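The values are calculated or read from the model by the stated rules, or taken from the named source; none is laboratory data. These numbers come from a predicted model, not from an experiment. Neighbour counts are summed over all protein chains in view; Cβ atoms, including those assigned to glycine, are modelled from backbone coordinates with ideal geometry. Just the protein is used for accessible areas: all its heavy atoms, side chains included, with ligands, DNA and RNA removed. Shrake-Rupley method; radii C 1.70, N 1.55, O 1.52, S 1.80 Å.
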Amino acid sequence: MFRLPANLSGRSYALLLAILALAPFILEWANQPFYLDLLSRALILGIAAISLNLILGFGGMISLGHAAYIGIGAYCVGIPSYYDYYSGWLHLALALSVSAIFALVTGAISLRTKGVYFIMITMAFSQMVFFTFLSMEEYGADDGLVIYSRSEFPEWLSMDSGVSLYYWVFAMLLLSLMFTHRLVHARFGRVIVGSRFNEQRMQALGFNTYRYRLTCYVISAMMCSVAGMLFGNFAGFISPDIMGWTRSGELIFMVIIGGVATFFGPLVGTIVFVLLEEFLSAITVYWHLIFGVMLVALVLFGKGGIHGWLSSWDRKDADYG
Amino acid sequence: MADQLLEINGLNKHFGGIFATENVNLSVERGTIHAVIGPNGAGKTTLIAQLSGQLKPDSGNIEFDGRSIINDSVATRARMGIARSFQITSVVMPMTLLENVMLAVQGGSGHSFGFWSPVHRDRAMETAAMSSLAEVGLEDRARRTAANVSHGEQRQLEVAMALAMKPRLLLLDEPMAGMGKEEGAMMIDILKRLRGDMTILLIEHDMDAVFSLADRLSVMVNGHVIATDTVENIRANKEVQKAYLGDGHA
Ligand SMILES: Nc1ncnc2c1ncn2[C@@H]1O[C@H](COP(=O)(O)OP(=O)(O)OP(=O)(O)O)[C@@H](O)[C@H]1O
Ligand SMILES: [Mg+2]
């Protein structure tokens, strides 16, 4: 299953997962419950970043509209709850199916284009979703929608307390990591990675690259909708703001900070992003500026993101970054 | 009439004012090696691209095994058994040679909607890929990244990938260009061994290779096929000598 390599980057990630697994206990002991909230948010965005990395990193499909699927997932909790349908399974099933259908339709069109056009068209579709929710007065429009109660699951799966929601998020995170890992190394992943680097050759080998990429796009969207479903529960309040194109841009940055086309990179990138955002904004109102400079420096000098930096000491891994 | 695997009729393709393919008629007999020669810019690569499906002809027809493939995609034609190598090396550079050839094997072995089992544990696929690598003499390079082997070795990888598809029709676009003398000689041996097992359309500038391999030979100039005949007859053909072969080969 999950064989962590016995090198520096591998050990760091194992340590990270151990810390995350114990975080509620550590934070309670340190009497810092606020940080559990921050960490929950980071891990939710981490799932979204991992899903984006599947298409952006491994597949070379740079989408500037991925936050739409966070929005779709969140509203699949918000709207049923508005009508007093609180079943968690219903929310989850809705999030997965609505995102799949939307990704199938928009992906089928977007994937006819390449490069900058793909970036623009994915952004356009996500803005379409953004404005749709913005115009729906019934569901709060730009004032947003309050979710009064969390998705209902059987007792042992309840996400009602802060800690139980955190473990929901953590479990989903592990699932996405494991699923991505299996997928990339399976037949499907080979085709996806091969098409990123040389689509012409992949077609000449008999692969209908369009069909495989579309499937990958749909899988990634469904994974991201789970992050959205968790976000709706976590925040208790959702508005179209969560799926603006700047949110999609932030997701891209999280992936780049951590390391494109690596398994743990997006998670690490997201945690760093959320923590930096938190601390910098506490220090100065100009934190966006500092943040921007750091990001540019990272893109220019820090090839491979944090993962690349960690593994420059044990360079011999088979990542396709 | 002999058993033709490939049948090209009245094929036309132009880029702006350039007629890269003009009314080309050509048939290739099953199990033979058919070479196409011609000066730079004659339209040889353009012809291959239309056969494998990367380029759509303006008009004309291509029949493979008695069936028109003119409307089939590149991937469909590949799965029907048409493999090509590229004149300008086109492999997955960040992958190892073994991974590249395994992709070629994978392409010919059912769908790839497998989401769970790791490919690197698929012994059958690895064995098949290794044997194709061994065939072109790359077995000891299997675990090197394609970007990190020599240009000549990348050219050999091109051919190994096409062979790994176990095609019925092999389209080779100057496979020996960029190879050293030794690798070139080895490639001639490989192709000789393949004769009969598969049908080969070979584009090659190296005349020694062409003359020692080809069962039949077509000469292309300015988008036209000006002659198709046996090697001996082409060598004796005055018009061909004038148009292409020059004094050195006469
Ligand atoms: N995509 C394209 N757009 C415009 N012109 C093209 C294109 N591809 C090929 N050509 C032109 O078509 C003609 C035939 O080119 P082609 O590459 O088929 O020749 P070739 O016989 O393979 O030559 P070489 O021996 O140099 O490989 C040339 O004049 C070339 O410039
Ligand atoms: Mg050419």
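Determine which member of the set B:Gly66, B:Gly31, B:Gly107 is touching a Gly at 6+ places or on another chain (Cβ under 9 Å) and more than 14 Å from every other protein chain (Cβ to nearest Cβ). Quick ask: steps written out before the conclusion?
Numbers: B:Gly66 fails: touching a Gly at 6+ places or on another chain (Cβ under 9 Å); B:Gly107 fails: more than 14 Å from every other protein chain (Cβ to nearest Cβ).
Exactly one of B:Gly66, B:Gly31, B:Gly107 is touching a Gly at 6+ places or on another chain (Cβ under 9 Å) and more than 14 Å from every other protein chain (Cβ to nearest Cβ), namely B:Gly31.
For segment A:227-248, which positions are open to solvent by 20 Å² or more (accessible area, probe 1.4 Å) and either free of Cβ contacts under 8 Å to residues at least 24 places away in the same chain or assigned to a helix (DSSP H, G or I) (or both)?
Of everything in segment A:227-248, those that are open to solvent by 20 Å² or more (accessible area, probe 1.4 Å) and either free of Cβ contacts under 8 Å to residues at least 24 places away in the same chain or assigned to a helix (DSSP H, G or I) (or both) turn out to be A:Phe231, A:Phe234, A:Ala235, A:Asp241, A:Ile242, A:Trp245, A:Thr246, A:Arg247.
Does A:Val274 satisfy being aliphatic (A, V, I, L, M) and either open to solvent by 20 Å² or more (accessible area, probe 1.4 Å) or over 19 Å from the mean Cα position of the chain (by Cα) (or both)? Lay out the reasoning, then the answer.
Details: aliphatic (A, V, I, L, M): yes; either open to solvent by 20 Å² or more (accessible area, probe 1.4 Å) or over 19 Å from the mean Cα position of the chain (by Cα) (or both): no.
No: the conditions fail for A:Val274.
Determine whether segment A:142-157 contains at least one residue that is touching a residue at least 60 places away in the same chain (Cβ under 8 Å), open to solvent by 10 Å² or more (accessible area, probe 1.4 Å), charged (D, E, K, R) and within 14 Å of chain B (Cβ to nearest Cβ).
Looking through segment A:142-157, none of the residues is touching a residue at least 60 places away in the same chain (Cβ under 8 Å), open to solvent by 10 Å² or more (accessible area, probe 1.4 Å), charged (D, E, K, R) and within 14 Å of chain B (Cβ to nearest Cβ).
Inspect all residues belonging to segment B:138-148 and state whether any of them is away from ligand 2 (no atom under 16 Å from the Cβ), among the basic types (Lys, Arg), within 14 Å of chain A (Cβ to nearest Cβ) and open to solvent by 30 Å² or more (accessible area, probe 1.4 Å).
The initial filter retains those residues of segment B:138-148 that are away from ligand 2 (no atom under 16 Å from the Cβ), namely B:138-148.
Okay, now just the ones that are also among the basic types (Lys, Arg), so B:141, B:143-144.
Now drop any that are not within 14 Å of chain A (Cβ to nearest Cβ), which leaves B:143-144.
Still in the list and also open to solvent by 30 Å² or more (accessible area, probe 1.4 Å): B:143-144.
Yes; the residues of segment B:138-148 include at least one that is away from ligand 2 (no atom under 16 Å from the Cβ), among the basic types (Lys, Arg), within 14 Å of chain A (Cβ to nearest Cβ) and open to solvent by 30 Å² or more (accessible area, probe 1.4 Å).
Which of (1) over 13 Å from the mean Cα position of the chain (by Cα); (2) at pLDDT below 95; (3) open to solvent by 10 Å² or more (accessible area, probe 1.4 Å); (4) of a type outside the set (Val, Ile, Thr) does A:Ala261 not meet, given it meets every other one?
The one condition A:Ala261 does not meet is (3).
Being among the aromatic types (Phe, Trp, Tyr) and more than 12 Å from B:Gly223 (Cβ to Cβ) is the filter here, so list the residues in segment B:19-76 that pass it. Walk me through how you get there before you give the answer.
First pass over segment B:19-76, keeping only residues among the aromatic types (Phe, Trp, Tyr): B:19, B:64.
Hit for segment B:19-76 is B:Phe64, nothing else.
Answer yes or no as to whether B:Met207 is in contact (Cβ under 8 Å) with a residue 24 or more places away in the chain, of a type outside the set (D, E, K, R) and crowded, with 17+ Cβ neighbours inside 10 Å.
no
Give the residues of segment B:91-104 that are within 13 Å of chain A (Cβ to nearest Cβ) and hydrophobic (A, V, I, L, M, F, W, C), sorted by residue number.
Hits for segment B:91-104 are B:Val91, B:Val92, B:Met93, B:Met95, B:Leu98, B:Val101, B:Met102, B:Leu103, B:Ala104.
Could you grab me the full set of residues in segment B:115-137 that are crowded, with 19+ Cβ neighbours inside 10 Å and touching a Phe, Trp or Tyr at 6+ places or on another chain (Cβ under 6 Å)?
Hits for segment B:115-137: nothing passes.
Residues of segment A:98-114 being open to solvent by less than 50 Å² (accessible area, probe 1.4 Å) and either in a loop (DSSP other than H, G, I, E, B) or closer than 22 Å to A:Gly232 by Cβ (or both), which ones?
A:Ser99, A:Ala100, A:Phe102, A:Ala103, A:Thr106, A:Leu111, A:Thr113
Within segment B:174-211, work out how many residues are among the small types (Gly, Ala, Ser) and within 16 Å of ligand 1 (Cβ to nearest atom).
Residues meeting the conditions: 3.
Against the definition (open to solvent by 10 Å² or more (accessible area, probe 1.4 Å) and not acidic (Asp, Glu)), how does B:Ser112 come out, yes or no? Can you show your working first?
Values: open to solvent by 10 Å² or more (accessible area, probe 1.4 Å): no; not acidic (Asp, Glu): yes.
Criteria not met by B:Ser112.
May I ask you to list the residues in segment B:212-226 that are small (Gly, Ala, Ser) and either within 16 Å of ligand 1 (Cβ to nearest atom) or in contact (Cβ under 8 Å) with a residue 40 or more places away in the chain (or both)?
B:Ala214, B:Ser218, B:Gly223
Quick check on my filter: what residues within segment A:41-64 are open to solvent by 10 Å² or more (accessible area, probe 1.4 Å) and assigned to a helix (DSSP H, G or I)?
A:Arg41, A:Leu45, A:Leu56
In this structure, is B:Val231 open to solvent by less than 30 Å² (accessible area, probe 1.4 Å), away from chain A (no Cβ under 14 Å) and within 16 Å of ligand 1 (Cβ to nearest atom)?
Here the answer is no, as B:Val231 does not meet what is asked.
Would segment A:169-186 turn up any residue that is assigned to a helix (DSSP H, G or I) and either over 17 Å from the mean Cα position of the chain (by Cα) or charged (D, E, K, R) (or both)? Spell out how you get there, then give the answer.
Residues of segment A:169-186 assigned to a helix (DSSP H, G or I): A:169-185.
From the residues that got through so far, the ones that are either over 17 Å from the mean Cα position of the chain (by Cα) or charged (D, E, K, R) (or both) too are A:182, A:185.
Looking through segment A:169-186, at least one residue is assigned to a helix (DSSP H, G or I) and either over 17 Å from the mean Cα position of the chain (by Cα) or charged (D, E, K, R) (or both).
What are the pairs with Cβ atoms under 6 angstrom where one residue, in segment B:231-244, is outside the structural domain of B:Met207 (by TED's automatic domain parsing) and the other, located anywhere, is surrounded by 13 or more Cβ atoms within 10 Å (Cβ to Cβ)? Sequence gap at least six, or different chains.
none
Which members of segment B:163-203 meet the condition of being of a type in the set (A, V, I, L, M, F, W, C), within 16 Å of ligand 2 (Cβ to nearest atom) and within 14 Å of chain A (Cβ to nearest Cβ)?
B:Leu171, B:Leu172 - these are the residues of segment B:163-203 that are of a type in the set (A, V, I, L, M, F, W, C), within 16 Å of ligand 2 (Cβ to nearest atom) and within 14 Å of chain A (Cβ to nearest Cβ).
Contact list please: Cβ distance under 6 Å, first residue in segment B:158-185 and touching a residue at least 12 places away in the same chain (Cβ under 8 Å), second residue within 16 Å of ligand 2 (Cβ to nearest atom) and open to solvent by 40 Å² or more (accessible area, probe 1.4 Å), pairs at least six apart or on different chains.
That search, which allows pairs on different chains as well, returns B:Asp173/B:Thr45; B:Asp173/B:Gln87; B:Glu174/B:Gln87; B:Met176/B:Asp206.
Which of the residues that make up segment A:175-217 are touching a residue at least 24 places away in the same chain (Cβ under 8 Å), more than 10 Å from chain B (Cβ to nearest Cβ) and open to solvent by 20 Å² or more (accessible area, probe 1.4 Å)?
A:Met178, A:Arg213, A:Leu214 - these are the residues of segment A:175-217 that are touching a residue at least 24 places away in the same chain (Cβ under 8 Å), more than 10 Å from chain B (Cβ to nearest Cβ) and open to solvent by 20 Å² or more (accessible area, probe 1.4 Å).
Any residue at all in segment B:79-90 that's open to solvent by less than 10 Å² (accessible area, probe 1.4 Å) and away from chain A (no Cβ under 14 Å)?
No, there is no match, as no residue in segment B:79-90 is open to solvent by less than 10 Å² (accessible area, probe 1.4 Å) and away from chain A (no Cβ under 14 Å).
With the condition kept exactly as written, say whether any residue in segment A:293-302 is in contact with a Ser or Thr (Cβ under 7 Å, 6 or more places away or on another chain) and either surrounded by 24 or more Cβ atoms within 10 Å (Cβ to Cβ) or more than 14 Å from chain B (Cβ to nearest Cβ) (or both).
Among the residues of segment A:293-302, not one is in contact with a Ser or Thr (Cβ under 7 Å, 6 or more places away or on another chain) and either surrounded by 24 or more Cβ atoms within 10 Å (Cβ to Cβ) or more than 14 Å from chain B (Cβ to nearest Cβ) (or both), which makes the answer no.
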